[in-house]
Amino acid sequence: MVEHVFTRATWLNSLHMSALTVALLQEEGIAACDVLAGSGISEQDLGELQRLVNPEQEQQVYANAARLAPRPALGLVLGLRTRISAYGLLGYAMLSAPTFGEALRIGLSYPVLLGTYFRLALEQEGETVWLTAAGYSEDEALRPFNTELCLGSLKVIFADLLGQQLPLHAVQLDYPAASGMARPYARGFGCPVEFAASRSAIGFDAAWLTRRLPLADPVTHKEMLEQCRRQNVEFAARRAWLERVRGLIKVRLQAPPGLDELAKQMNCSSRSLRRHLAQQQTSYQQLLDELRFTRAKEMLQQGDIPIYRIAEELGFSETASLRHAFQRWSGQPPSHFRG
């Protein structure tokens, strides 16, 4: 079995999936601003695709999509549109691998670059290999959406690697079937689907693991692996640094440290801190807004906390200031997020 884990605390992701989600719903006449509401992601961000976002932001986009287009298998539709090229250098390292099995193992060995909400593992049971998706810890209401997205994108990755559709034995899902879900799942995965299973997994014949890939190239593969190794180290370092900045702000939301104080805590000058944040496609104010917005939504979900108490905890001098901030952050009043 191959299994790799990374912590959510140091995870920041690209805007690629958010952009795909917006594009999918725009085809149905839903405005981008509505899909992005409350996420802190702008349409300009999507156009540039350089900024990194945290899990809460991406999950807010998914929650909006599920609310605005409430139909079965929306996540699966999105997953089936996610080509291997979406994974950048990692995708090309997988495409140039010698065998299908080696390509999958490479993908699982770089979870930071893969950017999944699951702990993925290959498990062989007799003549069948299962690629399992476990360890989900996001909003339970979004479990089907995120699982569909994950397993649907894996199906496309399999086909892109092999240059043909991989015949699947079965798909197992660790949640019950909702109304109208069975047919689009069977059509999308092209195999028997088992709901309310003990795990979420996608199964295929183990013999495929040794299948040589049509785009295998040892020179390109070696170069791409080295690039992935460097990118992985760089991403991990950048994300850990940014998460430290976020952590220092998060514990002081009632009286946030100014840029100068924050720079001292990070052992650098305020100018250097501002430059490093800009390189991460963010800023001190943007991080403060994101953290305040996330905390405000958490408190509102509890239902019984007065708005003035929330304003006080987040460092606003009056409730009107918090209401104005909510309009700026999401275009919605605080009451929209009440549990």
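The values are calculated or read from the model by the stated rules, or taken from the named source; none is laboratory data. Because the structure is predicted, anything quoted here is derived from the model rather than measured. Heads up, the Cβs are rebuilt from the backbone with ideal geometry, glycines too, and the neighbour counts pull from every protein chain shown. Note: accessible area is taken over every heavy atom of the protein model, side chains too, but ligands, DNA and RNA are not part of it. Shrake-Rupley method; radii C 1.70, N 1.55, O 1.52, S 1.80 Å.
Residues in the range 200-225 that are open to solvent by 50 Å² or more (accessible area, probe 1.4 Å) and assigned to a loop (DSSP other than H, G, I, E, B): 4 in all.
Considering Ala133, Ala141, the condition of being of a type in the set (A, V, I, L, M), closer than 22 Å to Asn13 by Cα and modelled with pLDDT under 95 is satisfied by Ala141 alone.
Mind checking which helices (runs of 4 or more DSSP H) fall wholly inside the range 5-122 and carry at least 3 residues that are within 12 Å of the chain's Cα centre (by Cα) and within 24 Å of Phe235 (Cβ to Cβ)? Per the criteria, 16-26, 55-68, 111-114. If the condition is being open to solvent by 70 Å² or more (accessible area, probe 1.4 Å), closer than 20 Å to Glu148 by Cα and in contact with a helix residue (DSSP H, G or I) (Cβ under 6 Å, 6 or more places away or on another chain), then the range 27-52 contributes no residue at all. Can you tell me which residue is nearest to Ala65 (Cα to Cα) among those in the range 114-173 that are among the β-branched types (Val, Ile, Thr) and either open to solvent by less than 20 Å² (accessible area, probe 1.4 Å) or out of contact with any strand residue (DSSP E or B) (no Cβ under 8 Å at 6 or more places or on another chain) (or both)? Top of the filtered list is Thr147. Which is of a type in the set (Lys, Arg), open to solvent by 40 Å² or more (accessible area, probe 1.4 Å) and not in a helix (DSSP H, G or I), of Arg275, Arg238, Arg252, Arg271? Residue meeting the stated conditions: Arg252. Taking first residues from the range 165-183 that are under 21 Å from Phe100 (Cβ atoms) and among the aromatic types (Phe, Trp, Tyr) and partners that are open to solvent by less than 60 Å² (accessible area, probe 1.4 Å) and assigned to a strand (DSSP E or B), no Cβ contact under 6 Å between residues at least 6 apart in sequence or on separate chains turns up. Tell me, yes or no, whether the range 239-250 has at least one residue that is closer than 20 Å to Leu114 by Cβ, free of Cβ contacts under 8 Å to residues at least 60 places away in the same chain and under 21 Å from the mean Cα position of the chain (by Cα). Scanning the range 239-250 turns up no residue that is closer than 20 Å to Leu114 by Cβ, free of Cβ contacts under 8 Å to residues at least 60 places away in the same chain and under 21 Å from the mean Cα position of the chain (by Cα).
Sub-9 Å Cβ pairs linking a first residue in the range 302-322 that is hydroxyl-bearing (Ser, Thr, Tyr) to a second residue that is assigned to a loop (DSSP other than H, G, I, E, B), at least 6 apart or interchain, are Tyr308/Glu318; Thr319/Pro306, ordered by first then second residue.
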